[in-house]
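Computed from the coordinates by the stated procedures, all read-outs in this text should not be read as laboratory data. Owing to the predicted nature of the structure, the values given are computational and were not obtained by experimental measurement. FYI the Cβ positions are ideal-geometry reconstructions off the backbone, even for glycines, and counts take in every protein chain you see.
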Amino acid sequence: MTAPLWRPSADRIARSALARFMASVSVDGGYDAIYKWSIAQPAAFWDAVWSFGGVIGDRDPSAPVVVGLDRMSPPDPVLGPKWFPSARLNYAENLLRGAGDDVALIAWTEDGPRRTLTYGELRAEVGAVAGALLAHGVRAGDRVAGFLPNCPEAVIAMLATASIGALWSSCSPDFGVTGVVDRFGQIAPKVLFCVDGYKYNGKSIDLLDRAAEVRSQLPGLVQTVVIPYRHRSVDLAPIRGATTWHEFVSRAYGEPLVCTRLPFDHPLYVLYSSGTTGLPKCIVHGAGGTLLQHIKELALHTDVGPGDRVFYFTTTGWMMWNWVVSALAVGATVVLYDGSPLPNAQPGLLWDMAAREGVTVFGTSAKYLALAQKQDVAPARTHDLGQLRTILSTGSPLAEYSYDYVYEAVHPDVCLSSISGGTDIVSCFALGNPLGPVWRGELQALGLGMRVEVWDQHGRPTTEAGELVCTMPFPSMPVGFWNDPDGARYRAAYFETFPGAWRHGDWAQATEHGGLVIHGRSDTTLNPGGVRIGTAEIYRVVEQFPEVAESVVVGQTMRDGDCRTVLFVRLTPGVTMDDDLRHRLRTAIREQASPHHVPHVIVPVADIPRTVSGKIAEMAVRDVLHGRPVANASALANPDALALYQPPA
């Protein structure tokens, strides 16, 4: 058996929050033991998470923790199961409990450090914005939207919204007008927050014209609030009835923050499916489930607590933004960054930030790590990362060579945790394990309290690759979809394939170490010659080639009904596709994956379409290749790239 890439020291294990949690519930025997207990005794487990996390709220200690634990997929999923039915809490109150002088937020842009806020300052800002929202008629159940970069004002506006029981929803400023309206237009927000512009990869981008178009298509808005982000003064003339952030909150400064405690499942967030196969689904998440799940994942799986500085490269349009902001609930400092992760002028900027701010948990995407390796970004040689303990990766499967890169070029003594979940659950099914080793190419562990299995097409557990399912309710299941009163769209999204089990849409395989390997999305798996394979297995091989910047692989159905595999590659500058490169790619795929993975066709392209959150849009490419329209190209960051995949006339 090969050795793990890393093991935690005995001291690190003993000092971990997970070890303390296990002692508090009297469970011995390592991660396997606490995981088995958490799914055998879910009510006791989630009750213990509430207590261990010090959740602020009101609840009847004699009331049940969960009602309807057997109703994973009832006739109307909106009606059950129901967690902590007697509890009342407020998400913002729980995130704002840090000591007044402790640092809550540190904000960076491509230009360097920009702003720092203590918990006391953050509470004051949130109180002012909450007062202004109330003055403009926003009440519990109303919606507030942010067309914002990853800046402190986004966190402030979200917490202010949550404090009064309204729902927060956000899109990053790289969305086009149609993409924003497709999302916000469904939920009819009362107030819209936006910025005048932002900077990305050295380029300053004006946002006022787009914001004006968005405002014109949201007739229910009572106020548009513009944050002067790129310029000190802003011409608001293009946006009808707009006001600046300062003008909006000026009359409410000094008002005490009052956080309204509401039922555990009161709606908190509206998040959106990618929208590449139709109008984005509006997924509504509850305050209590989001809070409890994030406390579990941050404290127990990531070992985050007071004194930690937690960074995740994300935009406000990706669920990882919601996730990392919850680090405030465990007393940590959240480090925000707005800009390109690898700016041309300074590709090591994120590591500059991590070193200067003493980041202890560094989160990013698998794509970032792959591109950083190609650009020879090696912070182990150039930066003092002595405070760094954990590196997180998500967004797509983390290739085996990226594990090697982290330990060789980034830091030799970190817990590298590839994590996997999604917008649908605003959390994860598989995460890190502070008590256990890191194995090359594997996600460390299944999430505590998440009864995760891998099933074959007949709904039976399998040791082979198959569908990732969850067979027991958990608190961060959506409370519903917007405009889905009978729950029909909710059922169709998760329970149609396997009634009674949540089908997540990942193609996965359990490992002998208790973790998972994710092979890609199950709706984009390939089926050449009737053999079902995952796209991630091909990406892992192809993107090790220095000639390949990135790639996308899809299956194309032929007239005879068979499926051929088509690999599109964006080559690095100065490289051209020739027979030799095609041969080397095919040979490597055959040797490192299998003959079934070898693409039938390899095509060079100038660009790869991706969603605004950076994920490769495999389904959109597949639709174009088959001559089908892409239902919502506005969900893409670079929709013009789709023209490169049109089949010949």
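Among Lys199, Lys36, what is the fewest-to-most ranking by other Cβ atoms within 10 Å? Can you show the working numbers first?
Working: Lys199 18, Lys36 12.
Going from least to most buried by this count: Lys36, Lys199.
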Legend entry - Proxy reagent accessibility, fewest Cβ within 10 Å first, across Thr161, Thr314: Thr314, Thr161
Inset, instruction - Give, in nm to one decimal, the length gained when the segment between Asp60 and Thr244 is fully stretched (0.36 nm per residue of separation minus the Cα-Cα distance). - result: 61.9 nm
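Quote the relative contact order of the chain in percent (integer), defining contacts as alpha-carbon pairs under 8 Å separated by 6+ residues.
On the way: 1436 pairs, mean separation 87.9, N = 649.
Over the chain, the number comes to 14 percent.
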Inset, instruction - Provide the descending list of Cα extents for segment 551-618 along its principal axes, expressed in whole angstroms. - result: 33, 28, 22
Inset, instruction - Give me the distance in nm between label points sitting 7 Å out from Cα along the Cα-to-Cβ direction at Ser233 and Asp376, one decimal. - result: 4.8 nm
Inset, instruction - Subtracting the Cα-Cα distance from 0.36 nm times the residue separation, let me have the gained length for Ser216 to Ala3 in nm, one decimal. - result: 70.7 nm
Legend entry - Alpha carbon centroid spacing (whole Å) that separates segment 382-447 from segment 585-649: 27 Å
Legend entry - Modelled FRET efficiency - R0 25 Å, Arg559 with Glu591, Cβ distances, 0.05 increments: 0.20
Inset, instruction - Specify which residue in the list Ala345, His626, Pro149 is farthest towards the positive end of the charge dipole of the chain, using unit charges on the beta carbon of Lys, Arg (+1) and Asp, Glu (-1), about the Cα centre. - result: Pro149
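Is there a quick way to get the dipole size of segment 241-357? I mean about its Cα centre, with the Cβ of Lys and Arg at +1 and of Asp and Glu at -1; what is the value in debye to the nearest 20?
Numbers: 6 positive and 9 negative charges, 43 e Å.
With Lys and Arg at +1 and Asp and Glu at -1, about 200 debye.
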Inset, instruction - For segment 86-183, give the magnitude of the charge dipole about the Cα centre (Cβ charges: +1 Lys/Arg, -1 Asp/Glu; no others), in debye to the nearest 20. - result: 380 debye
Inset, instruction - Based solely on C-alpha atoms, express the radius of gyration and the Dmax of the chain in angstrom. - result: 23.8, 72
Legend entry - Proximal charge balance of Ser169 [Cβ under 15 Å; K/R count +1, D/E count -1]: +2
Legend entry - Alpha carbon Rg of segment 85-178, scaled by the compact-globule rule 2.2 N^0.38 Å: 1.16
Inset, instruction - Take the alpha carbon atoms of segment 156-171, find their center, do the same for segment 453-487, and report the distance between the two centers in whole angstrom. - result: 28 Å
Inset, instruction - Write down, largest first, the equivalent ellipsoid semi-axes of segment 465-582 in whole Å, where each equals the square root of 5 times an eigenvalue of the alpha-carbon gyration tensor. - result: 35, 18, 16
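Return the FRET efficiency for the residue pair Asp32, Asp101: r is the Cβ-Cβ distance, R0 is 51 Å, and the value is rounded to the nearest 0.05. Before the final figure, lay out the partial values.
Details: r = 41 Å, r/R0 = 0.81.
That pair, Asp32 with Asp101, gives E of 0.80.
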Inset, instruction - Enumerate the residues in segment 469-497 having an amide nitrogen under 16 Å from the point lying 7 Å beyond the Cα of Asp70 toward its Cβ. - result: 472-473
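Ranked by Cβ crowding within 10 angstrom, fewest neighbours first, how are Thr315, Thr382 ordered? Don't skip to the end; give the middle numbers.
Numbers: Thr315 21, Thr382 13.
In increasing order of surrounding Cβ atoms, one gets Thr382, Thr315.
Please give the calculated 222 nm ellipticity per residue for the chain, where each DSSP H segment of at least 4 residues contributes -39500 (n - 2.57) and the sum is spread over every residue; nearest 500 deg cm²/dmol?
Values: 20 runs with 174 residues, N = 649.
Calculated at 222 nm, the ellipticity per residue is -7500 deg cm²/dmol.
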Inset, instruction - Take every DSSP beta bridge whose two residues both sit in segment 528-645, then give the antiparallel share in percent to the nearest 5. - result: 75 percent
Inset, instruction - For Glu255 paired with Ala643, estimate the spin-label separation in nm (one decimal), with each label point 7 Å from Cα along the Cα-to-Cβ line. - result: 5.0 nm
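About its Cα centre, what dipole magnitude does segment 571-649 give when the only charges are +1 on Lys and Arg Cβ and -1 on Asp and Glu Cβ, stated in debye to the nearest 20?
220 debye
If R₀ is 45 angstrom, what is the calculated FRET efficiency for the pair Ala44 and Ala135, using the beta carbon separation as r and rounding to 0.05?
On the way: r = 44 Å, r/R0 = 0.98.
Efficiency at R0 = 45 Å is approximately 0.50.
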